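One structure is given below, encoded as structure tokens.
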Amino acid sequence: MSDRDALPKLGVNNKGPRGELPFYGRRKGRPLRPQMQKYYDELLPQISVPRDLETLEGLFPHNPKDIYLEIGFGGGEHLAAIAGAAPECGFIGAEPFMNGVASLLRHIDEDGISNIRIWPDDVRLILDFLPEACLAGAYIMFPDPWPKKRHAGRRILQASMRDRLARLIRPGGSLRMASDHPIAKTWLLAEAMADDRFEWCASSAKDWQNRPEGWPETRYMAKGVDEGRASSWFDFKRL
Ligand SMILES: C[S@@+](CC[C@H](N)C(=O)[O-])C[C@H]1O[C@@H](n2cnc3c(N)ncnc32)[C@H](O)[C@@H]1O
């Protein structure tokens with residue numbers, strides 16, 4: 001049996017790949033309203049990343065030169081906004097939370113967006129199948145902080161994730177991360193800085209204290225702003 005045959009079914013709490021910890025987040029929330037269920041049943045199969053993907057050629061009708069990955073897109077409003085503003089690029093969004101996927105599908109349909117492909121599951125399950133240096137960049141926006149020390153292994157940016165991203169992001173490509181949680185911020189920054197395949201692009205405090213120009217808010221960020229939390233933005237370059 002090949003590794004691909006061994007991929008678990010969607011929507012079940014599976015083991016992580018390569019013996020890593022499983023995905024601990026929510027996969028389902030409230031039952032979907034009929035229109036959202038229709039998006040999930042009918043639109044998702046048309047634009048999801050195939051499980052047997054070997055090349056990104058043909059994944060998007062316009063064969064974009066630059067393809068970006070958003071890890072954990074939540075409700076997808078941020079991904080829809082950046083993809084809508086850059087129709088010449090391609091975007092892959094990964095998110096196991098079904099209600100979030102349905103929400104992104106609604107944006108895609110209502111805004112007529114054609115340059116997003118969705119992986120509706122744990123991102124780690126697909127990364128090993130993508131070809132080397134295929135990405136112009138990746139974003140991790142406000143990942144679950146898992147602040148307790150004993151849960152540190154659940155944080156999205158592990159050494160294994162750095163290895164995957166270093167393999168997939170082409171030299172000169174970007175890794176952008178944001179958080180408003182003190183422990184998560186320190187973790188993200190320290191993990192990425194300890195990796196000599198990535199270089200932190202900040203030259204002054206304003207580079208990490210301010211949301212990059214033209215970069216939309218995410219739903220989670222907006223909630224943090226309402227609750228008085230300051231966000232930090234970390235831009236790294238793949239060397
Ligand atoms: C705190 S939410 C932030 C959502 C969104 N980025 C925002 O800023 O509004 C973190 C998201 O990451 C997703 N996530 C966690 N682990 C993931 C994984 N292994 N693969 C893909 N998404 C993941 C969760 O399901 C959740 O929706």
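No value in this document is a laboratory result; all are computed from the given coordinates. The model shown is predicted, which means the values in this text are computed figures rather than measured ones. Please note: Cβ atoms are built from the backbone with ideal geometry, for glycine as well, and neighbour counts cover all protein chains shown.
Couple of notes before you dig in:
- The C-beta contact set for region 111-138 (first residue among the acidic types (D, E), second residue buried (at least 19 other Cβ atoms within 10 Å of the Cβ) and assigned to a loop (DSSP other than H, G, I, E, B), distance under 7 angstrom, 6+ apart or interchain) comprises D121/P96; D122/F23; D122/P96.
- Among the residues here, E70 qualifies as touching a Leu at 6+ places or on another chain (Cβ under 7 Å) and closer than 17 Å to D111 by Cβ.
- Unique residue being free of Cβ contacts under 8 Å to residues at least 40 places away in the same chain and in a loop (DSSP other than H, G, I, E, B) when the list is E57, E42: E57
- When residues of region 63-100 are limited to those that are of a type in the set (V, I, T) and under 12 Å from the mean Cα position of the chain (by Cα), the one nearest to the ligand (Cβ to nearest atom): I71
- Test: residue in region 92-106 that is closer than 15 Å to P131 by Cα, of a type in the set (A, V, I, L, M, F, W, C), in contact with a Lys or Arg (Cβ under 9 Å, 6 or more places away or on another chain) and not in a loop (DSSP other than H, G, I, E, B): yes
- Flag if G84 is crowded, with 20+ Cβ neighbours inside 10 Å and not basic (K, R): no
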